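One structure is given below, encoded as structure tokens.
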Amino acid sequence: MLSEYLKGNINFLNRVSSWEESIRVASDPLLKKGNITPKYIQDMIDNVNKNGPYIVIVPGIAMPHARNEGGVIKTGISFLKLQNNVQFPEGKEVNIIIVLAAEDNSSHLGLLSDLSSILIDEDVVNKFRNSSNEEEIMNVIKMVE
Amino acid sequence: MENVIKAKTPSFRARIQAVGGFLTNMVLPNIGAFIAWGLLTALFIPSGWFPNENLASIVDPAIKYLLPLLLASTGGRMVAGQRGAVMGTIGAIGLIVGSDIPMFLGAMIIGPLGGWLIKKFDKLIDGKIPAGFEMIVNNFSIGILGFFLMIFSFYFIGPVIEAANNVVSSAIKSLVDTGYLPLLSLINEPAKVLFLNNVIDQGIYYPLGMQETLEAGKSIYFTVASNPGPGLGLLLAFSFFGKKAAKRTAPGAIIIHFFGGIHELYFPYVLMKPLTILAMIAGGMSGITTFYLFDAGLVAGPSPGSIISYLALTPKGNFLGIISGVIVAAVVSFIVTAIILKFDKKTDEEDFTSSIEKSKAMKSEGKQILNPSNELSNTKISKISFACDAGAGSSALGATTFRKRLQKANIDGIEVKHYRIEDVPEDTDIIVVHKDLLERARLSHKNKRIITIENYIEDPNLLKLIDELGKR
């Protein structure tokens, strides 16, 4: 499930100027495909400002998301990898940003389950972290699907 | 708009809270030692209930060494575990010997500082020690760093704090010269809780008092810093409105403070909630004012400053004034402390429950070692809820990962769900939240066991929980 949702939503970039910027850039594919509106991007940024950088789910990987208050049209997920780390609040260094947009409370759980399978396995997550193009990412995901 | 405002207040408050919580946690575990010392002092010093020269010889080393070292050790442990405790204690002995007065404040600084140093060092060399050399590096790093810290605190921190003490003494002298005695409380009360009470009483007020007594037969100076009223009011307020452990220990402290005259017993309570110093100042001031209005005084220095020595040293005709001064001071400090505690109640509960959480977890760990099968099988855990702001993203990721881990560990019969923090149902046995969200989770779920994590996939606290569940 994860691989088909991520298809075409994967970007690689050298650096961004701020964590807010990283969320904006990472969300871009979802915005273009109409999964989300600009409001959702702002909601995700506000969420970090309000609740802290808890969206940094494991060291180095952030999963920006927020409650759907009208900003999510259709469940989707996108991926951005940075060559250079960006700093989230409290000094958390991040180089992989996985934007999660959940339309309702259940349609995205399959995506998270696959993501969890990647993160839980040390070998797989290392391959995931070291991927340098869309094809490699897809191969990693297919290992766990 | 509302969200933005909400966003800014907690982080600032949380920081203040963190400092207060840190002081509390450094002092609270050691209150037993203060009580032991207080009992010893009240009973056996020359002016105590059963003067005993031999036993009284413990009093001085205990307040000079035992109590500060305990504080430093606890402070170091809080920053860097057992290694921090060792470092902090090593540092504290330097400043204790480097000065002539009890070094509580210094110990509360050097303890965490020592812990911080060794933590930084350990981080620096992490992963760089060749296999087989861990033990020698670990021991010698503390040994060498501790050696320098000892010398540093001997030559630097101890004397700095002692110099501060001298400043306090001369400030008091110049206040006395102004003639406005209630103002003395402004310095007395903070100086007292830093354990300078004997210095200011016996060093300044008693000599002044004795002079005046020679002329007038009594003196108000004996009362300005030894009035047991403000401390009584503070401890009463803690007994009624304090948080759990402080509330439980305060009544015992009242007996030793008010009847035993050992003011040191209330100092930790002020140190753990520094704002209450205002209550002590207000209480002290109103006490002095009352003594002054009644033109009351004592005939000698009440040492220890208990209600009993007060009454014993009150000259005829002064009882009304002396007793009123004590009562007024107690009432005023009680009211002010109560307001401060009430105002602070919410913060307190959060602070405290999290430390209760910790001690509970430690207890159950201890039990596990002693009694692996029985104790824990009694505590039913059938539902674990992961919670976050939206209840859909990180909490769902955490829950699905945790389910996989349970499966792998062959643990069944446990339901793992994810929710918005506020929506976690009552039948949940354990709530898991990110540490940034603890405050909010605690607000909606006062009595639940809450586990905090920083990593949704393999946080050490989650792995411990799996261990615990596996052993049932």
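The values are calculated or read from the model by the stated rules, or taken from the named source; none is laboratory data. Only a predicted model underlies this, so the values are computations on that prediction, with no experimental measurement involved. Reconstructed Cβ throughout: ideal geometry from the backbone, glycine too, with neighbour counts over all protein chains shown. Accessible surface areas use protein heavy atoms only, side chains included; no ligands, DNA or RNA. Shrake-Rupley method; radii C 1.70, N 1.55, O 1.52, S 1.80 Å.
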* B plus A alone minus the pair: what accessible area, both sides summed, probe 1.4 Å, in Å² to 100? -> 2200 Å²
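Using helices alone, what [θ] at 222 nm do you get for chain A, with -39,500 (n - 2.57) per DSSP H run of 4 or more residues, divided over all residues and rounded to the nearest 500?
Working: 6 runs with 65 residues, N = 145.
After summing the helix terms and dividing by the residues of chain A, the value is -13500 deg cm²/dmol.
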* Structure fact -> For the stretch B:98-168, the dipole about the Cα centre with charges only on Cβ (Lys and Arg +1, Asp and Glu -1), to the nearest 20 debye, works out at 220 debye
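Looking only at other chains, what is the average number of their beta-carbon atoms within 10 angstrom of each beta-carbon in A:41-54?
Values: counts 0, 0, 2, 2, 0, 3, 6, 3, 6, 9, 12, 10, 3, 13.
The shielding value for this peptide is 5.
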* Hey, can you grab everything whose amide H is under 5 Å from the amide H of B:F386? Only 5+ residues off in sequence or another chain; H modelled, so Pro and N-termini drop out. => B:K417, B:H418, B:Y419, B:V432
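Would you tell me the mean number of C-beta atoms belonging to other protein chains that fall within 10 Å of each C-beta in B:303-309, as a whole number? Display every interim value, and only then the final one.
Values: counts 0, 0, 0, 0, 0, 0, 0.
Mean shielding by partner chains, rounded to a whole number: 0.
Would you work out if the stretch B:248-316 is rounded, prolate or oblate? Take a ≥ b ≥ c from the square roots of the eigenvalues of the alpha-carbon gyration tensor; rounded if a/c is under 1.5, else prolate when a/b is larger than b/c, oblate otherwise.
Working: a/c = 2.93, a/b = 1.41, b/c = 2.08.
It is oblate, given that a/c is not under 1.5 and a/b is not larger than b/c.
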* Asked: Under a Cβ-Cβ cut-off of 14 Å, what is the net charge of the residues other than A:E4 that fall near it, where Lys and Arg count +1 and Asp and Glu count -1?
  -> +1
* Structure fact -> Answer in debye to the nearest 20: the dipole magnitude of chain B about its Cα centre, from +1 Lys/Arg and -1 Asp/Glu charges placed on Cβ, is 1300 debye
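Using the beta-carbon distance between B:L186 and B:F148 and R0 = 35 Å, what value does 1/(1 + (r/R0)^6) give for FRET efficiency, to the nearest 0.05? Please report the intermediate quantities before stating the final value.
Values: r = 38 Å, r/R0 = 1.09.
FRET efficiency, B:L186 to B:F148: 0.40.
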* To do: Describe numerically, in nm with one decimal, the distance between label points set 7 Å from Cα along Cα→Cβ at B:A33 and at B:D60.
  => 2.0 nm
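With an 8 Å Cα cut-off and a minimum separation of 6 or more residues, compute the relative contact order for the stretch A:1-120 in percent. Intermediate results must be reported in sequence, preceding the final value.
Numbers: 214 pairs, mean separation 39.5, N = 120.
That works out to 33 percent.
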* **Over chain B, relative contact order from alpha-carbon pairs under 8 Å, at least 6 apart, %** => 12 percent
* Structure fact -> In degrees rounded to 10, the 0-90 angle between helix B:229-241 Cα long axis and the longest Cα principal axis of chain B is 20 degrees
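Using 0.36 nm times the number of residues separating A:S17 and A:D123, minus their current alpha carbon distance, what extension gain do you get? Each step should come with its number before you reach the end.
On the way: separation 106, 0.36 × 106 = 38.16 nm, distance 3.07 nm.
Between A:S17 and A:D123, full extension yields an extra 35.1 nm.
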* Structure fact -> Sorted by chain and then number, the residues having a modelled amide H within less than 5 Å of the amide H of B:I262, at least 5 places away or on another chain, are B:H257
* To do: In debye, nearest 20, what is the charge dipole magnitude of the protein assembly as shown about its Cα centre with +1 on Lys and Arg Cβ and -1 on Asp and Glu Cβ, if you could check?
  => 540 debye
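Need one value for A:95-101: mean number of C-beta atoms belonging to other chains within 10 Å of its residues' C-beta atoms.
Values: counts 0, 0, 0, 1, 0, 6, 2.
Mean inter-chain Cβ contacts per residue within 10 Å come to 1.
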* Structure fact -> Nearest 10, in degrees from 0 to 90: the angle of helix B:31-44 to the longest Cα principal axis of chain B is 30 degrees
* Asked: Taking θ as phi - 60°, what are the ³J(HN,Hα) couplings along the stretch B:213-221 by the Karplus curve (6.51, -1.76, 1.60), each to the nearest whole Hz, with x for Gly and Pro?
  -> 5, 4, 8, 10, x, 6, 8, 6, 4
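In what order, largest first, do B:D295, A:D104 sit by accessible area if the probe radius is 1.4 Å? Don't skip to the answer; put the middle values down first.
Details: B:D295 105, A:D104 65 Å².
Ranking B:D295, A:D104 by accessible area, largest first, yields B:D295, A:D104.
In a shell of Cβ-Cβ distance under 13 Å around B:I45, excluding B:I45 itself, what net charge do Lys and Arg (+1) and Asp and Glu (-1) give? Kindly include the intermediate steps, with their values, before the conclusion.
Details: positive: none; negative: B:E53, B:D60, B:E264.
Value of the local net charge: -3.
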* Asked: If each of B:E426 and B:I339 carries a label point 7 Å out from its Cα toward its Cβ, how far apart are those two points in nm?
  -> 3.8 nm
* To do: Give the calculated FRET efficiency between A:E135 and A:N85 to the nearest 0.05, with a Förster radius of 22 Å applied to their Cβ-Cβ distance.
  => 0.40
* **Candidates per trypsin sites (Lys or Arg not before Pro) in the stretch B:126-218, loop by DSSP, up to 15 other Cβ within 10 Å** => B:K128
* Between B:S382 and B:F240, what length in nm is gained on full extension when 0.36 nm per residue of separation is reduced by their alpha carbon distance? -> 47.5 nm
* Considering Cα pairs under 8 angstrom that are at least six residues apart, work out the relative contact order of the stretch B:365-470 and quote it in whole percent. => 28 percent
* Among B:A387, B:L341, B:I109 - extreme Cα towards positive end, dipole of chain B, charges at beta-carbon -> B:A387
* Asked: Among B:G321, B:L271, B:N227, whose Cα sits farthest toward the positive end of the charge dipole of the stretch B:180-343 (+1 at Cβ of Lys/Arg, -1 at Cβ of Asp/Glu, about the Cα centre)?
  -> B:L271
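Counting only chymotrypsin sites (Phe, Trp or Tyr not before Pro) that are in a DSSP loop and have at most 14 other C-beta atoms within 10 Å, tell me the longest site-free stretch of chain B. Mind dumping the intermediate values first?
Numbers: sites that count: B:W49, B:F133, B:Y180.
That gives B:181-472 as the longest site-free run.
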* Structure fact -> Karplus ³J(HN,Hα) for the stretch B:81-95 (6.51 cos²θ - 1.76 cosθ + 1.60, θ = phi - 60°; Hz, whole; x = Gly/Pro) runs x, 4, 5, x, 4, 5, 4, x, 5, 4, x, 5, 5, x, 6
* Residue by residue, what Karplus-based ³J(HN,Hα) values in Hz, rounded to whole numbers, does the stretch B:57-74 have, using 6.51, -1.76 and 1.60 with θ = phi - 60° and x for Gly and Pro? -> 5, 6, 3, 5, x, 5, 7, 7, 10, 4, 5, x, 5, 4, 4, 5, 5, 4
* Calculate for chain B the 222 nm mean residue ellipticity that helices alone would give, adding -39,500 (n - 2.57) per DSSP H run of length 4 or more and normalising by residue count, nearest 500 deg cm²/dmol. => -20500 deg cm²/dmol
* Asked: Pairs A:K33/A:K92; B:K192/B:K273; A:K127/B:K464; A:K7/A:K74; B:K383/B:K446; A:K92/B:K119: which exceed 21 Å Cα-Cα?
  -> A:K33/A:K92; A:K127/B:K464
* Relative to the longest principal Cα axis of chain B, at what angle does helix B:244-254 sit, 0 to 90 degrees, rounded to 10? -> 20 degrees
* Nonlocal amide H pairs with A:N11, under 5 Å, H built at 1.01 Å -> A:F79, A:L80, A:K81
* Identify, among B:S73, B:V137, B:I58, the residue whose Cα sits farthest towards the positive end of the charge dipole of the stretch B:58-178, taking +1 on the Cβ of Lys and Arg and -1 on the Cβ of Asp and Glu, with the dipole about the Cα centre. => B:V137
* Give, as ranges by residue number, the residues of the stretch B:188-217 whose backbone N falls under 20 Å from the point 7 Å along Cα→Cβ of B:A300. => B:198-217
* **Gain on full stretching of the segment that runs from B:E415 to B:M135 - 0.36 nm per residue minus C-alpha separation** => 96.5 nm
